[in-house]
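J.: Structure provided below as structure tokens; questions to follow.
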Amino acid sequence: MQMSIRRWIAALITASAALLSACGGSDDHGPLDIVSLAKSNSNLSILAEAIQAADLEKTLRAAGPFTVFAPTNQAFENLLQNELKVSKTELLANKTLLTSVLTYHVLGTKVMSGDVPLGQPITTLQKGFFKAEAAGGSLKITDGRNRSSNVVTANVAAQNGVVHIIDKVLLPADKNVVQTAIALSTAPQPEFGILVDAVVAAGLVETLSGTGPFTVFAPTDAAFVALLEELKISKEALLADKSLLTKVLTYHVVPGLVLKAQVPVGRAITTVQGESFTVNAALAITDQRARSAKITGTDVLASNGVIHVIDKVILPKP
């Protein structure tokens with residue numbers, strides 16, 4: 001009886017060891033590093049090829065720790081076919097673009113999905129930033145071009161960090177706040193045509209195209225039309241008054257990067273112009289003349305800042 005029990009225990013240990021070996025769960029080796037993990041996952045094979053083509057293997061095999069938002073093969077195929085309109089071979093040959101895109105998916109620290117700072121700018125190795133929000137029990141990421149991607153598998157352990165698998169390749173911003181406003185002003189339903197004209201007339205294009213970062217509270221065309229009626233002047237007269245225009249426009253710009261989740265509710269927010277305004281919990285702005293404007297759109301990301309859309313031009317003291 002005793003011998004039978006010993007044989008049964010020995011058989012159980014042997015079977016368990018075989019199962020662990022088959023599953024790759026050996027305690028001798030532990031989790032794979034990020035590069036090896038990508039190479040071992042058939043759904044991440046294009047990512048693995050891209051890492052190799054960009055000469056990033058050494059970097060992503062280092063101690064780290066890193067957090068990698070890893071696009072699936074389908075995500076890469078959709079990018080190639082529907083957006084970049086290039087072949088995989090052409091993409092892998094463009095080392096500059098490839099390096100910029102891949103490092104935009106990497107954070108220089110280990111961040112589990114539950115620790116991702118929601119609604120705040122997340123800076124990448126590429127030096128650009130993106131935003132993450134909770135969505136259906138997972139995470140939705142908004143990249144620098146205001147495209148959305150979803151985390152489909154979170155917290156895949158790696159020897160030197162963690163991998164979150166995503167369903168769309170992230171792209172860093174390719175437009176600053178002025179270029180973003182211009183792009184929106186030439187859309188089928190333009191929003192910022194007068195704002196762009198005003199920035200040009202005030203000579204602020206170079207300033208707002210600088211490194212920043214800037215947070216711009218951007219009035220729509222309808223907001224400017226209402227202001228013209230309020231001031232009882234024409235658009236031409238407003239654009240000709242550079243002193244007034246500069247004062248008003250810089251009152252709409254806050255130094256630094258302030259996403260919606262970071263807006264200090266109920267506290268004075270100092271602008272580039274020097275005066276301040278306040279924002280309440282309903283995202284309504286009160287300016288220096290006790291006028292109210294509503295923030296109607298938030299977190300339009302750009303390379304050097306962020307744009308929040310407002311429905312009324314705010315004004316500093318007379």
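Since every read-out is calculated from the coordinates, none of them should be taken as a lab result. This is a predicted model, so every value here is computed, not measured. Positions of Cβ are backbone-derived with ideal geometry, glycine not excepted, and every protein chain shown enters the neighbour counts.
J.: If you take every DSSP beta bridge fully contained in the chain, what fraction is antiparallel? Give it as a percent rounded to 5.
T.: 75 percent
J.: Pairs of alpha-carbon atoms within less than 8 angstrom and 6+ residues apart define the contacts here; what relative contact order does the range 70-160 have, in percent?
T.: 16 percent
J.: Additional query: Distance in nm between label sites at residue 226 and residue 284, each 7 Å beyond Cα in the beta-carbon direction?
T.: 1.2 nm
J.: Can you give the FRET efficiency to the nearest 0.05 for residue 42 and residue 140, using r as the Cβ-Cβ distance and R₀ = 30 Å?
T.: Once rounded, the FRET efficiency stands at 0.75.
J.: Then there is this: Based on the Cβ-Cβ distance of residue 95 and residue 123, what FRET efficiency does E = 1/(1 + (r/R0)^6) give at R0 = 25 Å, to the nearest 0.05?
T.: 0.65
J.: To continue, here is another question. So how strong a dipole does the chain carry about its Cα centre when Lys and Arg Cβ are +1 and Asp and Glu Cβ are -1, to the nearest 20 debye?
T.: Here the chain has a charge dipole of around 480 debye.
J.: Related question: Give me the distance in nm between label points sitting 7 Å out from Cα along the Cα-to-Cβ direction at residue 61 and residue 110, one decimal.
T.: Using points 7 Å along Cα→Cβ, the separation is 2.0 nm.
J.: For P(r) over Cα pairs in 20 Å bins from 0, in percent, the choices are (1) 28, 43, 21, 6, 2, 0; (2) 29, 52, 18, 1; (3) 26, 25, 9, 14, 22, 4; which was calculated from the structure?
T.: Computed from these coordinates, P(r) over Cα pairs in 20 Å bins from 0, in percent corresponds to label (1).
J.: Based solely on its DSSP helices, what 222 nm [θ] is calculated for the chain when runs of n ≥ 4 H residues each add -39,500 (n - 2.57) and the sum is averaged over all residues, nearest 500 deg cm²/dmol?
T.: Mean residue ellipticity at 222 nm (helix-derived): -10000 deg cm²/dmol.
J.: In whole Hz, with x marking every Gly and Pro, tabulate ³J(HN,Hα) for the range 99-108 from phi via Karplus 6.51 cos²θ - 1.76 cosθ + 1.60, θ = phi - 60°.
T.: Each residue of the range 99-108 in turn: 5, 4, 5, 5, 5, 6, 8, 10, 9, x Hz.
J.: If you plug each phi of the range 294-306 into the Karplus form 6.51 cos²θ - 1.76 cosθ + 1.60 with θ = phi - 60°, what whole-Hz ³J(HN,Hα) values come out, in order, with x for Gly and Pro?
T.: The phi angles translate into 9, 7, 9, x, 10, 6, 8, 7, 9, 5, 10, x, 8 Hz.
J.: Still on this structure: Under a point spin-label approximation (7 Å from Cα along Cα-to-Cβ), what is the residue 74-residue 52 distance to one decimal in nm?
T.: 2.5 nm
J.: Given a cut-off of under 8 Å on Cα pairs at least six residues apart, what relative contact order in percent is computed for the range 184-289?
T.: Over the range 184-289, the number comes to 22 percent.
J.: Suppose we keep just the DSSP beta bridges with both residues in the range 177-310; what percent of those would be antiparallel, to 5?
T.: 70 percent
J.: Only Cα pairs under 8 Å and at least 6 apart count here; give the relative contact order of the range 26-88 as a rounded whole percent.
T.: Averaging sequence separation for qualifying contacts and normalising by length gives 31 percent for the range 26-88.
J.: Over all directions, what mean area does the Cα convex hull of the range 26-166 project, stated in square nanometres?
T.: One quarter of the hull surface, i.e. the mean projection, equals 8.4 nm².
J.: Counting other Cβ atoms within 10 Å, which trypsin sites (Lys or Arg not before Pro) in the range 29-107 have at most 14 and lie in a DSSP loop?
T.: Passing both the DSSP loop test and the Cβ count: 85.
J.: Amide H of residue 161 versus every other amide H placed in the peptide plane: which residues, excluding those fewer than 5 positions away on the same chain, fall under 5 Å?
T.: 66
J.: Ok, one more. If the elastic network links every pair of Cα atoms under 10 Å, which of 197, 33, 115 fluctuates the most in the Gaussian network model of the chain?
T.: In this elastic network of the chain, the residue with the biggest mean-square fluctuation among 197, 33, 115 is 115.
J.: Further, regarding this structure: For residue 104, what residues show an amide H to amide H distance below 5 Å, using hydrogens built from the backbone and excluding near sequence neighbours?
T.: Those qualifying (amide H under 5 Å, at least 5 residues apart or on another chain) are 126.
J.: A follow-up question, please. For residue 311, what residues show an amide H to amide H distance below 5 Å, using hydrogens built from the backbone and excluding near sequence neighbours?
T.: Residues meeting the criterion, in which the H sits 1.01 Å from N, are 294, 296.
J.: How much net charge surrounds residue 120 when only the other residues with a Cβ under 11 Å from the Cβ of residue 120 are counted, with Lys and Arg +1 and Asp and Glu -1?
T.: 0
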